[in-house]
1. Restricting attention to the range B:154-170, and to residues there that are closer than 24 Å to B:E227 by Cβ, of a type outside the set (D, E, K, R) and open to solvent by 10 Å² or more (accessible area, probe 1.4 Å), which single residue is modelled with the lowest pLDDT?
2. Can you tell me which residue within the range A:387-401, out of those that are surrounded by fewer than 20 Cβ atoms within 10 Å (Cβ to Cβ) and closer than 18 Å to A:G284 by Cα, is modelled with the lowest pLDDT?
3. Which ones in the range A:181-202 are surrounded by fewer than 21 Cβ atoms within 10 Å (Cβ to Cβ), under 44 Å from the mean Cα position of the chain (by Cα) and not in a strand (DSSP E or B)?
4. Taking the range A:867-890 as the search range and keeping residues that are among the charged types (D, E, K, R) and under 21 Å from A:Q701 (Cα atoms), which one is least open to solvent (accessible area, probe 1.4 Å)?
5. Regarding A:A824, is this residue open to solvent by less than 40 Å² (accessible area, probe 1.4 Å) and outside the structural domain of A:V522 (by TED's automatic domain parsing)?
6. Show me the strands (runs of 3 or more DSSP E) entirely contained within the range A:390-498 in which 1 or more residues are in contact with a Lys or Arg (Cβ under 9 Å, 6 or more places away or on another chain) and within 30 Å of A:N279 (Cβ to Cβ).
7. Could you list, in sequence order, all residues of the range A:99-118 that are within 14 Å of chain B (Cβ to nearest Cβ) and outside any helix (DSSP H, G or I)?
Amino acid sequence: MWTTKTFLTKTKRGNVLKIVREHYLRDDLLCGSAACNFCPHKDDELVLEANPESLCGLFDSNHYLILDTNVVLHQIDVIEEDALKNVIILQTVLEEVKHQNTAIFQRLLEVIGNKKRKFFSFVNEHHKDTYVERNPGEKQNDRNDRAIRKAASWYASHLSIKNIDGQFPQIVLLTDDEKNRQLAHDEGILTCTVSDYIKNVNGYPGLSDKLSKNVIPESCSKDALYPAHLTPTQIHAGIRNGKLHQGTFHASRDNYLEGNATISGCEKSILLQGHIGINRAIDGDIVAIEILPQEEWSKPSDIVLEDKTEDPGDFLEEESQLLTISKADDDITPTGKVVGIIRRKWRQYCGILLPSKFPGATRHLFTPAEKRIPRVRIETRQSDILASQRILVALDSWPRNSRYPLGHFVRSLGPIGDKDAENEVILLEHDVPHARFSEAVLACLPPDNWTIPEEELARRVDLRATCVCSVDPPGCTDIDDALHARRAAAGYEVGVHIADVTHFVRPHSALDREAAARATTVYLVDKRIDMVPELLSSNLCSLRGGEERLAFSCIWILDENAHVLSTKFHKSVIKSRAAMTYEEAQMAIDETSRNDEIATSLRLLNKLAKKLKQRRLDNGALLLASPEIRFQVDSETHEPLDVQAKRIVDTNSMVEEFMLLANVSVAERIAADYPQSALLRRHPAPPPAHFNAFLKAASRQGFELDVSTNKSFSKSLNEAVIPERPFFNTLLRIMATRCMQQAVYFSSGSKTQEEFYHYGLACPIYTHFTSPIRRYADVVVHRLLAGSVGADATHAALLDTRAAQALCDNLNYRHRHAQLAARASVALNTHILFKNREEVESAVVLAVKRNALQVLIPKYGLEGPLYLPSDKFTYNEEENVQICNDIVFKTFDELTVRLTLDSSNLQHRKLVFQLVTPFIPGVSYVQQTKDDQMEVENVEIKTDEKKRKDLPETKNKKKKKSKT
Amino acid sequence: MPPPDLLSSQGLRLDGRRPNELRRIRCKLGVFTQPDGSAYLEQGNTKVLAAVYGPHQAAKSKSSVEGVVVNCQYSMATFSTGERKNRPRGDRKSQEMSLHLRQALTAAIKTELYPRSQIDIYIEVLQADGGAYCASVNAATLALVDAGVPLRAYACACSASMAWRGAQPEPLLDVGHVEEAAGGVVLTVASLPSTGSIALLELSHRLHSDYFEMVLSRAMQGCKDIEIVLDKAVREHLAEGWTKQDVVTI
């Protein structure tokens, strides 16, 4: 049945330790080929076809392919295409790929898992006939190459057993290593280079575009433009003796010839300037840096520099003109240069093609949408088609003699300007998983006509008779919270009922894994990317009015002053009386003639919420603000029609207060029951340095803010009011929000009790419990709480601290990107809105920069730079003001600006802000004069996460229709 | 999710075994002439010597009228691990191992047959590559058989661990050092497979109760497989051993 021989593999490590491992060689491993007459295959174990069709013009006969490691590593995009079939992936290759690049390894596993592709993974390392032992003095790479050749020749002879000559498939080894090809040829194995093979594949046009242009970067020293990178051993030695430093490279958004690198254990980041200084590092790469001697240090230039539109060919410009370095200034920063790359962090980039000027050329430049990424040179024959499309490109290498990195075309996303293509770009650039739900996931769903089964009713507390209602923004279809309140024997009984998503999303199911990977629902202006399939998010889990739904309830007894007397949690069945909007609920409260159950319940809730809020504010919770806007979207075309700031009514904060109370109650419970693995949310206090600029600006307006604690900060914010400028206080709060740090999820085992503190809410412990339909964190918290109250069983992964922390890391990452994607979507829609119009609006100065004012338009919540020509204005650094004759601009000043859209650059369309009043000749915008030398820059718009619910109502209606 | 992959996508473990396979076991009875019984056992790269003295008259202080006193001494050779050990026996770990051995072996021996007597069992681990306790129990059983001590049944020990194949939990049988060091849970069972009773059960980490049954049944299966191997070795030894001894006596 098993084991035949024992082999000992010896390795040496660190302080010379001899490791002896067993290595069993087997005779029961299958070859996976239908042409084999020898192995005892079962039907489902046959992967490779008996008569694979030959696609390649170079080989007439049927054949299987064997790939070597470098082919897989470099040409994964080609492998992912459907063209190549009947491929044998050896374990030697699989292990090496796994060791070198986990991302590619995952992609390879996916291909192997796809039954249609007919990829077979053969365990050659444990097969008794294909195992090779490393010879004394032989390099590991050479041994692996030998193992691959051995497996190839074994396959050839194995398939010939009991087969007639010419009737069985040949084996073709694809490798780019010339020496390996020669050796294989000597051993009688058919070989070919990848590019030769792919270029001769018939029937798949465009396949050769995807070939990676991989050149070993350091080898070509001829006409080198860049200095060579150091080898890994040199880098290692350099870092050890302190000459080099390891850091992450961040390219500058504004200046393509500048960037900086953050080094752990070093406060200031290191400045890197110029082609040579950056030396082919790309944003995100981990690089080795040599710090220059102090006399060569310079300071970050504050000019905006974009790469030229034309392809200048392979030479580097004179940089002295591009980088104006004035060394007289005091604020020079440590400057260094990149001497080696430790690890590339390349991903696939969206962007557009800049076709070459010469017709028929195959080499073109590609401009990524992300400004921090340099242009990429790619090779394609389809440039005519691709020029008008958004495309996805992967990077391959950056040889020394090429001005730009080399890459290859991956796929097209759609025409430029098309709404779907633009949304796709947003989702891809922010790494939002947005593929359709797979069959395995959909199989986990209950049937469409699912109703609550009897045994479930018996197990739960029946609250169907209670007057529960939900309050949400208009057009919201994923209602995950509902409330009720009534008088009780001692005080008031208040209940928060949350959709019971975990009843449908069972742990370890395909649905659960997909939801965990997505982590959050992403809300774009005209599109929602669901975390769970729509049947759950908009129907079975959504607490719709008048329908019986499963819920997880949190019920308190509160006294007259809204102090919690007792808390209990249980699973329940509810029947919501009404699903109201904020305005409807507000009307029900205000209309004194209404005395039905819903209205009284709402009034009670509102009264208690106000007391809760007051107490929270007294404890030092911060009321922060961010400009929120919502789009009115055309029902047919989904084009935005108008934009306006959001209205806030009393009921918004009523719902919010009870959600906060529920979250805090649940957090206390799970933290007590799971000291090692409870999922909580913390908000660290901002470091004092973040406040410097903000405090300066406020004091110029005559307000001294105290930021020592959140309590004193909150108090001084409340007092900073200018009666004649009602917006001023909101503006202060908007700016205070920018000084804050991000709140993050964490596992209770990874932090001490003091670190649990939530600064913004001023509560010692906090979590997310109330939105399980759209956040995976809440799903986990539901499971923890269910285990804690005995409503459901716990499972192993739930109790593991390490697993919990890994989960939190993913949640934080996805949440950040979901927010960024939502912002990018708002920016996109703003651009569409302003395509054919201009507006003159009042604006406020948020910040004063060297060559611009950062302004905010309260009506739209838009923010952007207003550029000031340097010949008219002088910048006073000390006072942080811009002066032109007798006009002084400082933070918080009010002005009027004109808004237009600049579409001259398709990739980065921008909103242009121009000054209208106060009037300055030659600067201010005057009707009917073209002011064309204004420099412009991209606009950033901040919106709150609550914007999620502002989906166009019509769209939801449509979906409902199509379902019925 | 659990740390590194202990199972490849083809379902093989790091050393090429399938999840339900034992390491190679080689053993020999009667390796020494001085003790009353002795055995040498290899389980993969774990190599153990066992020697049995007795039953003989018990020391006054230990003597019991109920049955024989089983005295175990577990020691690891200083060269048995990757880094040299300081002392071969007497440290906490060895003392604990001795107690555990005694528990498992007392369960197997028909103690009531020899009141006021004592049996000494000495275990020497020559090379440790995971599962030293299991190999010690198995070797001691063989040595007891060689000494002619009446046993209720073979005492066999085996370990099992948990791994994931995709999302499916898959228990691993007979855990080696590499798999142990990967940080997974290790369940060690010493049992009398022919009676189905468990003499000792030890769990190294926390394991969720959902998976416990699965891991335990795999470990029990391992004990049964080991019993077959041991039984075969005993029969072979007897077949050749009798003839040898005849030669010696004549």
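1. Keep residues of the range B:154-170 that are closer than 24 Å to B:E227 by Cβ, which gives B:154-162, B:170.
If we keep only those that are of a type outside the set (D, E, K, R) too, we end up with B:154-162.
With the extra rule that they be open to solvent by 10 Å² or more (accessible area, probe 1.4 Å), the set shrinks to B:154, B:162.
Working: B:Y154: 95, B:M162: 88.
Per the criteria, the residue is B:M162.
2. Only one residue tops the list, namely A:S397.
3. A:R181, A:T193, A:S195, A:D196, A:K199, A:N200, A:N202, listed by residue number.
4. Residues of the range A:867-890 that are among the charged types (D, E, K, R), as a first pass: A:871-872, A:877-879, A:886, A:890.
Within this subset, residues satisfying the condition of being under 21 Å from A:Q701 (Cα atoms) are A:877-879, A:886, A:890.
Details: A:E877: 104, A:E878: 147, A:E879: 93, A:D886: 133, A:K890: 64 Å².
Out of the qualifying residues, it is A:K890.
5. Details: open to solvent by less than 40 Å² (accessible area, probe 1.4 Å): yes; outside the structural domain of A:V522 (by TED's automatic domain parsing): yes.
So A:A824 passes the test.
6. Working: elements: A:406-415, A:468-472, A:481-487.
Of the strands (runs of 3 or more DSSP E) lying wholly inside the range A:390-498, those with at least 1 residues that are in contact with a Lys or Arg (Cβ under 9 Å, 6 or more places away or on another chain) and within 30 Å of A:N279 (Cβ to Cβ) span A:406-415.
7. A:N114
The rows are residues; the columns are (1) at pLDDT below 95; (2) among the charged types (D, E, K, R); (3) touching a Gly at 6+ places or on another chain (Cβ under 6 Å); (4) assigned to a loop (DSSP other than H, G, I, E, B).
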site	(1), (2), (3), (4)
B:A51	no, no, no, no
B:P55	yes, no, no, no
B:K60	yes, yes, no, yes
B:T78	yes, no, no, yes
B:R87	yes, yes, no, yes
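The values are calculated or read from the model by the stated rules, or taken from the named source; none is laboratory data. Computed from a predicted model, the values in this text were never measured in an experiment. For neighbour counting, all protein chains shown are included, and Cβ atoms are generated from backbone atoms with ideal geometry for every residue, glycine included. Please note that ligands, DNA and RNA were not included when accessible areas were found on the heavy atoms of the full protein model with its side chains. Shrake-Rupley method; radii C 1.70, N 1.55, O 1.52, S 1.80 Å.
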